[in-house]
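Working notes for the structure below.
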Amino acid sequence: MSAALLEVRGISKRFRGLQAVDNVSFAVPPGGIVALIGPNGAGKTTTFNLIAGAMVPDGGSIVLDGADITGGRPDQACRAGIGRTFQLVKPFGALSVLQNVMVGAFKATADRVAARRAAWEILERLGLAEKAENPAKTLTLPERKRLETARALATRPKILLLDEVMAGLRPTEIDQMVRAFADLSRETGLAILLTEHVMRAVMALSHHIVVLHHGQKICEGAPEQVARDPQVLECYLGHAQAAERPGA
Amino acid sequence: MRASRALGLSPRAAAALGLFLAVMLLLPFLVNAYIVSVLVVVLFAAYFGQSWNIMTGFAGQLSLGHALYVGLGAYTSAALFVHFGLTPWLGMIAGMAVAALAGSAIAALSFRFRVGGVYFALLTIAFAEFTRILFDHFGWVGATEGLFLPVANLAHDDPVRLRGSPVMFYYLLLVLSLAALVLSHSLLDRRVGYYWQAIREDEEAARALGIDVFRYKIAAMALSAAMTALGGTLLAFYDNNLYPDTVFAMGRSIEIIIAPIIGGLGTLFGPIVGAFLLTGLGETMTNLSTYFEISGLKQWFYGAALLAIVALQPSGLWPWLSRALGLWERRR
């Protein structure tokens, strides 16, 4: 992990009385897929916002590909190579699906034809091609989540931050998305940092898992390792149940 | 054919636009002087609406004080002409620069301090109003007494000095409105147009896609202000007299925004359609109101039209009209 693509070093964020993120460190290697998990309110989305420049950390630093991007604006983070999705989706409702993705593609090129071509490729990869001409506001929620991903991908990020993009999908759709992301990462060397409540996706996709609880990192490691960690079981299932679990 | 493709029109829409242009070109030969003067008012409304539409329709930043830029363009070029004999075409450029600067400064001030939405709109009114009061006391440009351009009775129109008949202004405005149409279309088709629309739809998402929102908003404001000021110069040389209380009037700011809203906010043809319908019928109302001695019929009509559109066709007349006529509108 020495030559990490994204390195988060001891970041913290406090909201009034609440320590939302408390001295959290982790790293994502080039081409790696890392999941950030934890119960509601653990600080996952805040961590995302800190990395993507939507919030400024109170302490710590964020290094992307050797460059310190701590405290930069969201558009600067994007230009540095961070592509993000929003948990509460934010489509450009009046624009078509294709135009939505073209907005992202315009980061890499000012040429409309090239942006259009790049957007098409991404729509096809994510199975949104047949909706390309529809206004984004007509999409269903799972489709909007895919559009979020497509738009972020179109900026050609070095690392993609996925904030619960599988929520509300059917199991078969989840498997499709998992396959799409795994292929993408393998074929293009794209690194992915994701938060997800759908454990099926987390276990299938991630190489490495970081567990947050009350803003602190309580554990990290390979998926099978984390799934057996008593502290993780405790924060997910509660004290008594974890103790009762045979073999835990 | 190439021109129609450049505008992204279907053959049917290109034919409709061609027909409309042909009619507009011939119209001054077919109608009397009064109708020409009404058409000049229509074209002013269309052009100012197109200019405002770039900022509010495309980039989503509500300005309720565009009379400010009309006034800055009008006063700058008129004062330079009266005092130094500077040709209005250079004065026009100076006016555009002044307006662009003022617009950028207002935008920079507002957006730096995160003044957005309704509060930004209020700020645009405030700047227009206090500029009006400032000009009321600005002796060099006549203050409340007004600034007058010498009326020369020329045998021929003199486009170089912008002295001439309403027909000359009619054609100038027609060219200007057409240029604004081509420019708007070309902007929407480029990265800047996509970015403006993204900002209009969701600023936070736009930012996450690498868009420097602050810069693009200022660019929209500066361009919109400069275009409006250009129209202001024509207005000054058409009217030949300028009073702060009419040039910078709040009522003018409101009239500028009604046509694009009725016609279709953010669309290419909305401001033009809105101007024809509204100003055309509005002028009729003014006449009826004089004839029947009922005051304010035009204002009643504007209010009713606005209510009807908001209630029945909130995206404006043009999207509906283009569908009804089988024309193709790219957006919305």
Of (1) within 10 Å of chain A (Cβ to nearest Cβ); (2) within 30 Å of A:Pro157 (Cα to Cα), B:Ala219 fails just (1)
Counting only residues in region B:268-297 that are open to solvent by less than 40 Å² (accessible area, probe 1.4 Å) and not hydrophobic (A, V, I, L, M, F, W, C), the one nearest to B:Leu176 (Cα to Cα) is identified as B:Pro271
Subset of region A:23-44, residues within 24 Å of A:Ala222 (Cβ to Cβ) and of a type outside the set (A, V, I, L, M), comes to A:Asn23, A:Ser25, A:Phe26, A:Pro29, A:Pro30, A:Gly31, A:Gly32, A:Gly38, A:Pro39, A:Gly43, A:Lys44
- Somewhere in region B:102-110, is a residue out of contact with any helix residue (DSSP H, G or I) (no Cβ under 8 Å at 6 or more places or on another chain) and at pLDDT 95 or above? yes
Taking region B:226-285 and keeping only residues that are touching a helix residue (DSSP H, G or I) at 6+ places or on another chain (Cβ under 7 Å), farther than 25 Å from B:Leu188 by Cα and small (Gly, Ala, Ser), one is left with B:Ala236, B:Ala249, B:Gly280, B:Gly282
Just one listed residue, out of A:Val101, A:Val63, is at negative phi, away from every other protein chain (no Cβ under 14 Å) and at pLDDT 95 or above, and it is A:Val63
Scanning region A:118-137 residue by residue, the ones that are over 24 Å from the mean Cα position of the chain (by Cα) and either away from chain B (no Cβ under 14 Å) or open to solvent by 70 Å² or more (accessible area, probe 1.4 Å) (or both) total 2
Margin query: So, A:Lys107, is that one touching a Cys at 6+ places or on another chain (Cβ under 9 Å) and open to solvent by 10 Å² or more (accessible area, probe 1.4 Å) or not?
Written below: yes
Criterion first (within 18 Å of the chain's Cα centre (by Cα) and over 18 Å from B:Met250 (Cβ atoms)) does B:Thr76 satisfy it? yes
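Every residue, every condition in (1) open to solvent by less than 40 Å² (accessible area, probe 1.4 Å); (2) closer than 15 Å to B:Ala79 by Cα; (3) touching a residue at least 60 places away in the same chain (Cβ under 8 Å); (4) touching a strand residue (DSSP E or B) at 6+ places or on another chain (Cβ under 7 Å), yes or no:
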{"residue": "B:Leu123", "(1), (2), (3), (4)": "no, no, no, no"}
{"residue": "B:Asp136", "(1), (2), (3), (4)": "yes, yes, yes, no"}
{"residue": "B:Ala152", "(1), (2), (3), (4)": "no, no, no, yes"}
{"residue": "B:Tyr170", "(1), (2), (3), (4)": "yes, no, yes, no"}
Can you confirm whether region A:54-71 contains a residue that is assigned to a strand (DSSP E or B) and open to solvent by less than 10 Å² (accessible area, probe 1.4 Å)?
yes
- [ ] Could you tell me whether region B:56-74 includes any residue that is among the polar types (S, T, N, Q), under 14 Å from B:Leu230 (Cβ atoms) and buried (at least 24 other Cβ atoms within 10 Å of the Cβ)?
- [x] no
Within region A:80-91, residues surrounded by fewer than 24 Cβ atoms within 10 Å (Cβ to Cβ) and more than 8 Å from chain B (Cβ to nearest Cβ) come out as A:Ala80, A:Gly81, A:Gln87, A:Leu88, A:Val89
Of (1) open to solvent by 20 Å² or more (accessible area, probe 1.4 Å); (2) touching a residue at least 12 places away in the same chain (Cβ under 8 Å), A:Ala20 satisfies every one except (1)
Filtering helices (runs of 4 or more DSSP H) wholly in region B:198-258 for at least 2 residues that are in contact (Cβ under 8 Å) with a residue 40 or more places away in the chain and surrounded by fewer than 22 Cβ atoms within 10 Å (Cβ to Cβ) gives B:213-239
Among A:Ala115, A:Ala77, A:Ala94, the single one that is aliphatic (A, V, I, L, M), more than 7 Å from chain B (Cβ to nearest Cβ) and under 15 Å from B:Tyr195 (Cβ atoms) is A:Ala115
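The values are calculated or read from the model by the stated rules, or taken from the named source; none is laboratory data. Keep in mind that what you see is a predicted model, and the values were worked out from it rather than measured. Virtual Cβ from ideal backbone geometry, glycine too; neighbours counted across all protein chains shown. When the accessible area is computed, the model is the full protein with side chains, heavy atoms only, and any ligands, DNA or RNA have been set aside. Shrake-Rupley method; radii C 1.70, N 1.55, O 1.52, S 1.80 Å.
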